[in-house]
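The values are calculated or read from the model by the stated rules, or taken from the named source; none is laboratory data. Worth saying up front: this structure is predicted, and the values here are computed from it rather than measured. Backbone-built Cβ (ideal geometry, glycine too); neighbour counts: all protein chains shown. With ligands, DNA and RNA removed, areas are computed over all heavy atoms of the protein, side chains included. Shrake-Rupley method; radii C 1.70, N 1.55, O 1.52, S 1.80 Å.
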Amino acid sequence: MDSNLLKVTIDGRSIEVPPGTTILQAARMIGEHYPPAMCYYTPLKESGGKCRVCLVRVAQTSEANPRPMPKLVASCLTRVENGMVVENESSPEVLEARHGVVEFLLINHPLDCPVCDQAGECDLQNLAFEHGTEQTRYEEGRREFDKIDIGDKIQLHMTRCILCYRCVFTADQITNERVHGVLNRGDAAEIGTYIKHAIENDFSGNIVDVCPVGALTDKTYRFKQRVWFSKPFNAHRSCDKCCGEVVLWIKNNDVIRVTARKNKFGEVEKFICNDCRYDHKNLEDWVIGEAAEIERDSVIRANKYKTKIHSPAVQVDAKFVSE
Amino acid sequence: MARQILFEHINVPGINTLETYVSKGGYQSLARAFKMTPDEVTEEVKKSGLRGRGGAGFPTGMKWSFLDKKSDKPRYLVCNGDESEPGTFKDRHLMMNIPHALIEGMIVSSYALGARTSYIYVRGEMMPVIRVLEKAIQEAYKAGYLGNNIQGSGYSLDLYVQPGGGAYICGEETALLESLEGKRGNPRNKPPFPAVWGLYGCPTVVNNVETIADVPWIVNHGGDAYAAIGIGKSTGTKLISACGNINKPGIYEIELGLPVEEFIYSDQYCGGIPNGKKLKAVVAGGSSVPILPADLILKTANGEPRLMSYESLNDGGFVSGTMLGSGGFIVYDEDQCIVRNLWNFTRFYHHESCGQCSPCREGTGWMEKVLHRIEYGHGKMSDIDLLVDVAKKIEGKTICPLGEAAAWPVASAIRHFRAEFEAHVSDPGSCCKKHLHREMTSVH
Amino acid sequence: MSILSDSAILEINNLKSRYPQGKQKSALLPALHIAQAEKGWLPVDAMDEVAGILQIKPIEVYEVATFYTMFHVKPVGKYVIEVCRTGPCCTIGAEELIQYMEDKLGISVGETTDDGLFTLKTVECLAACGMGPVLQIGPDYTYRENMTREKFDLMIEELRNKS
């Protein structure tokens with residue numbers, strides 16, 4: 001074994017990872033059944049630790065310290081130590097805690113999936129599908145906010161927000177000027193600009209892509225199409241502002257939406273500019289590549305939607321484009 | 001009269017001035033400390049057995065020894081004067097009346113830790129206290145106790161008072177550091193702990209006001225002398241702020257180990273319950289700690305007399321015990337309604353949750369709303385177990401201890417007073433709210 | 001044009017020396033107290049000016065001002081009466097007293113009297129539980145302890161006469 005590598009065992013499966021690797025990253029390296037993450041986002045510094053859905057049990061801290069950690073820990077921030085033994089889905093305590101967190105996330109969520117543009121590619125929907133219950137125990141009034149247009153391209157539907165802070169970190173780290181943030185506190189906390197500012201900068205559209213729920217949606221795509229009725233294709237163009245590497249969401253030869261590409265963990269690795277996102281919606285603007293991968297655990301792919309899935313062609317050819 | 005370490009001179013007229021404070025032996029610990037190495041000062045604090053007086057009771061000397069001294073970054077000492085735990089009002093009293101005790105403590109503690117700039121973070125509501133401290137700090141600078149080359153020792157220290165803005169959560173040490181950096185009081189995920197990554201990412205110790213004010217006595221008399229006071233691992237004295245239904249509410253410096261019964265009933269302390277009422281329950285260490293019914297606060301489950309000490313109050317764990325916490329001692333007489341009191345505390349935590357992590361943000365509000373319903377006669381029997389379950393799902397799942405602080409009162413009140421909750425459900429309107437002509441509203 | 005007075009701006013600028021180079025954002029809370037003491041509350045232009053002095057983004061000020069309960073981001077009366085409504089004070093009659101205050105001033109908690117003189121606000125524990133019921137009153141945040149109806153009446157009368 002490379003002496004610099006640390007051995008960690010998660011749900012009985014072991015892997016060796018470099019120092020500094022978090023439990024979540026190690027679990028993702030192992031493959032399936034890694035903890036969910038609603039706030040952590042690899043490309044965004046300081047993200048994570050807030051939503052608590054990734055809590056896991058550390059049954060053995062390290063080889064040197066065989067004691068368990070006293071509380072469940074956020075796997076997205078807790079670093080692996082050599083000989084660490086972690087329980088994720090194998091721990092009833094973890095599953096119960098996760099169940100509890102999902103319930104907390106849902107008590108003030110409007111559950112308006114039928115009219116929400118995010119449905120089908122919503123992390124909260126997926127999470128609830130896996131860890132939620134059919135009945136709610138919550139009988140009190142739900143928190144509500146007015147919808148706000150933050151600029152002509154983005155709508156903020158704060159009622160759906162789970163306060164992951166990703167959009168705030170994105171604005172801080174990806175754009176040149178942050179004009180929105182988290183206002184107020186406790187369960188009255190909200191994402192906002194305070195003075196009804198428009199969020200206008202070349203990279204503002206990325207806050208839509210990082211949003212795990214339907215709180216920030218693309219107004220140019222609003223109510224146009226259910227995501228599972230459109231076909232995602234990787235495409236690129238030469239752009240002087242960003243990498244120009246995007247996903248085109250195509251329906252009947254129309255580009256109905258442009259997003260950044262996401263990896264299998266739902267994370268954008270290369271952020272895109274608003275020019276690519278909003279101003280290039282013609283097929284001829286793009287060099288179109290292969291069909292984009294859709295994660296298997298997405299609701300789009302879950303059994304109940306099976307009949308509605310049309311697996312896109314592996315390679316787009318002129319025939320499809322002119323179809 | 002019991003041993004007084006902090007309050008020996010608190011009633012001396014003019015003790016808030018440097019002149020009077022010095023005339024009573026104040027600032028003598030500086031010369032002593034400067035003759036020692038910083039590590040020797042830390043060693044005395046370790047020997048003293050002093051434990052954090054803000055609530056957690058963590059050994060102070062050990063906390064100091066965790067400070068990352070290998071780092072070449074500056075180190076900071078930050079005093080936590082954000083006293084906001086319901087039932088706790090000792091630090092305000094200390095800072096207001098004997099500010100130099102804290103300043104002297106800050107100087108010797110900063111010396112031990114190698115801090116060149118230190119801050120006293122005081123909750124913003126205590127503006128009068130902040131004015132007193134700022135004046136006292138100016139006096140200390142003038143007298144050469146602060147600033148460059150203090151008393152020719154070669155050690156220099158700048159000390160500033162920082163006001164908060166109104167947020168209980170800033171009593172949590174990492175939220176306090178965020179606030180001191182000019183941000184929202186969102187607690188940080190730990191590790192890293194402040195000893196490694198504190199103020200501005202530098203090694204930092206955060207200590208409570210009372211803890212720091214204890215240090216000069218330890219330096220003057222030695223750690224062993226301090227450890228000889230008190231009982232077992234509960235060494236020294238503790239400021240207890242007593243309130244609620246007692247004849248003599250106020251702040252008392254007690255020697256740890258004093259029987260609870262004596263504290264409640266002796267004329268030297270609380271002076272018993274007014275109007276001949278009976279004792280119903282006590283919250284012994286600030287609103288966050290489990291409430292105990294009269295029989296369990298006076299005696300442990302084994303029938304031993306309960307003492308005012310970390311260990312004795314915790315005897316029986318949370319099944320039949322509680323915690324010394326911050327020393328906020330709230331007494332309830334037989335007329336007090338446990339349900340109403342719990343709703344009030346739950347509303348407090350709902351209001352004070354920073355909103356960063358989901359279990360606390362959503363769970364505190366949920367518990368408050370259910371309790372409000374029960375209190376106002378719209379509860380169901382199943383609500384009681386629902387509360388227990390929600391509390392359990394918050395506890396241990398949050399970024400900071402506010403989750404536990406909100407969950408423990410709920411769990412303990414239902415554990416010890418379930419019948420009272422059931423009575424509110426089965427016979428709404430039979431209890432306390434009759435004398436209020438309007439419903440008290442929820443938060444926000 | 002400046003919203004804050006020269007002396008307030010100077011005071012805020014002087015705060016910066018308390019913190020290391022580049023960490024002037026630390027002065028934000030004390031700066032907001034200074035701005036609020038001068039304006040009575042925190043209008044957006046005052047917050048923007050604070051942001052300018054401290055060289056931070058305006059949103060960073062809004063985030064902070066809306067987090068802490070002492071900062072009034074909406075106009076308030078000349079005197080803000082902040083009464084404790086937390087457990088210990090309630091065991092000794094704070095709730096009854098708060099309702100009396102509402103009746104006396106003819107407003108509900110959170111409202112301001114028509115003459116713009118008083119805003120009644122409930123707050124959480126003021127750390128004066130042994131001297132409760134307790135309230136504090138701006139602009140200097142004096143504590144009024146062991147409050148009774150009579151003391152409250154007297155206080156209101158004094159403040160009305162002063163204005």
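Residues that are over 18 Å from the mean Cα position of the chain (by Cα), open to solvent by less than 70 Å² (accessible area, probe 1.4 Å) and either in the same structural domain as C:Trp41 (by TED's automatic domain parsing) or not β-branched (Val, Ile, Thr) (or both) within the stretch C:133-162 comprise C:Pro133, C:Met147, C:Phe152, C:Asp153, listed in sequence order. Restricting the search to strands (runs of 3 or more DSSP E) fully inside the stretch A:1-105 and requiring at least 1 residues that are within 14 Å of chain B (Cβ to nearest Cβ), among the basic types (Lys, Arg) and in contact with a Leu (Cβ under 6 Å, 6 or more places away or on another chain) gives A:55-60.
The requirement of being closer than 24 Å to B:Lys183 by Cα and either small (Gly, Ala, Ser) or in contact (Cβ under 8 Å) with a residue 60 or more places away in the chain (or both) is fulfilled somewhere in the stretch C:113-134, by at least one residue. Residues in the stretch C:50-94 that are of a type in the set (Val, Ile, Thr) and more than 10 Å from chain B (Cβ to nearest Cβ): C:Val50, C:Ile53, C:Ile59, C:Val73, C:Val76, C:Val80, C:Ile81, C:Val83. Being away from chain B (no Cβ under 13 Å) and assigned to a loop (DSSP other than H, G, I, E, B) is a property that C:Ile3 has.
Residues in the stretch B:274-305 that are assigned to a loop (DSSP other than H, G, I, E, B), under 15 Å from B:Ile330 (Cα atoms) and within 24 Å of the chain's Cα centre (by Cα): B:Ala284, B:Gly285, B:Gly286, B:Ser287, B:Ser288, B:Val289, B:Pro290.
Conditions (1) touching a strand residue (DSSP E or B) at 6+ places or on another chain (Cβ under 7 Å); (2) not assigned by TED's automatic domain parsing to the domain that holds C:Phe152, marked per residue:
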{"residue": "C:His33", "(1), (2)": "yes, yes"}
{"residue": "C:Gln36", "(1), (2)": "no, yes"}
{"residue": "C:Val50", "(1), (2)": "no, yes"}
{"residue": "C:Ile53", "(1), (2)": "no, yes"}
{"residue": "C:Lys57", "(1), (2)": "no, yes"}
{"residue": "C:Val61", "(1), (2)": "no, yes"}
{"residue": "C:Cys84", "(1), (2)": "yes, no"}
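The residue that is least open to solvent (accessible area, probe 1.4 Å), among those in the stretch B:185-218 that are of a type in the set (Phe, Trp, Tyr) and more than 10 Å from every other protein chain (Cβ to nearest Cβ), is B:Trp217. The condition of being more than 23 Å from A:Arg98 (Cβ to Cβ), of a type in the set (Gly, Ala, Ser) and surrounded by 13 or more Cβ atoms within 10 Å (Cβ to Cβ) holds for only one of A:Gly120, A:Gly141, A:Gly151, that being A:Gly151. Among the numbered conditions (1) more than 9 Å from chain B (Cβ to nearest Cβ); (2) not in a loop (DSSP other than H, G, I, E, B), the only one that C:Gly116 does not meet is (2).
Per the conditions (1) under 17 Å from the mean Cα position of the chain (by Cα); (2) under 20 Å from B:Trp64 (Cβ atoms); (3) of a type outside the set (A, V, I, L, M, F, W, C), the sole criterion not satisfied by B:Pro216 is (1).
For (1) hydrophobic (A, V, I, L, M, F, W, C); (2) crowded, with 23+ Cβ neighbours inside 10 Å; (3) in contact with a His (Cβ under 7 Å, 6 or more places away or on another chain); (4) under 30 Å from B:Pro290 (Cβ atoms), each residue gets a yes or a no:
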position	(1), (2), (3), (4)
B:Pro13	no, no, no, no
B:Glu19	no, no, no, no
B:Leu30	yes, no, no, no
B:Glu44	no, yes, no, no
B:Arg51	no, yes, no, yes
B:Phe58	yes, no, no, yes
B:Gly87	no, yes, no, yes
B:Glu104	no, yes, no, no
B:Thr117	no, no, no, no
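Selection of the stretch B:349-376 for residues being over 25 Å from the mean Cα position of the chain (by Cα) and not β-branched (Val, Ile, Thr) yields B:Ser358, B:Glu362, B:Trp366, B:Lys369, B:Leu371, B:His372, B:Arg373, B:Glu375, B:Tyr376. Out of B:His437, B:His424, I need the residue that is open to solvent by 20 Å² or more (accessible area, probe 1.4 Å), touching a helix residue (DSSP H, G or I) at 6+ places or on another chain (Cβ under 7 Å) and either away from every other protein chain (no Cβ under 14 Å) or at pLDDT below 95 (or both). Which one? Sole residue among the options that is open to solvent by 20 Å² or more (accessible area, probe 1.4 Å), touching a helix residue (DSSP H, G or I) at 6+ places or on another chain (Cβ under 7 Å) and either away from every other protein chain (no Cβ under 14 Å) or at pLDDT below 95 (or both): B:His437. Of everything in the stretch A:14-32 that is charged (D, E, K, R) and surrounded by 13 or more Cβ atoms within 10 Å (Cβ to Cβ), the residue that is nearest to the chain's Cα centre (by Cα) is A:Arg28. Counting only strands (runs of 3 or more DSSP E) wholly contained in the stretch A:142-222, the ones carrying 1 or more residues that are within 13 Å of chain B (Cβ to nearest Cβ) and at pLDDT 95 or above occupy A:181-183, A:190-192.
Here the stretch B:138-184 is the region considered, the condition is being assigned to a loop (DSSP other than H, G, I, E, B), farther than 18 Å from C:Lys23 by Cα and within 17 Å of the chain's Cα centre (by Cα), and the residue that is nearest to the other protein chains (Cβ to nearest Cβ) is B:Gly166. Checking the structure you have, find out if any residue of the stretch B:256-265 is closer than 21 Å to C:Thr91 by Cα, open to solvent by 10 Å² or more (accessible area, probe 1.4 Å), more than 12 Å from chain C (Cβ to nearest Cβ) and hydroxyl-bearing (Ser, Thr, Tyr). Yes, because at least one residue in the stretch B:256-265 is closer than 21 Å to C:Thr91 by Cα, open to solvent by 10 Å² or more (accessible area, probe 1.4 Å), more than 12 Å from chain C (Cβ to nearest Cβ) and hydroxyl-bearing (Ser, Thr, Tyr).
Answer with yes or no whether B:Lys248 is surrounded by fewer than 20 Cβ atoms within 10 Å (Cβ to Cβ) and within 14 Å of another protein chain (Cβ to nearest Cβ). For B:Lys248, the condition - surrounded by fewer than 20 Cβ atoms within 10 Å (Cβ to Cβ) and within 14 Å of another protein chain (Cβ to nearest Cβ) - is met.
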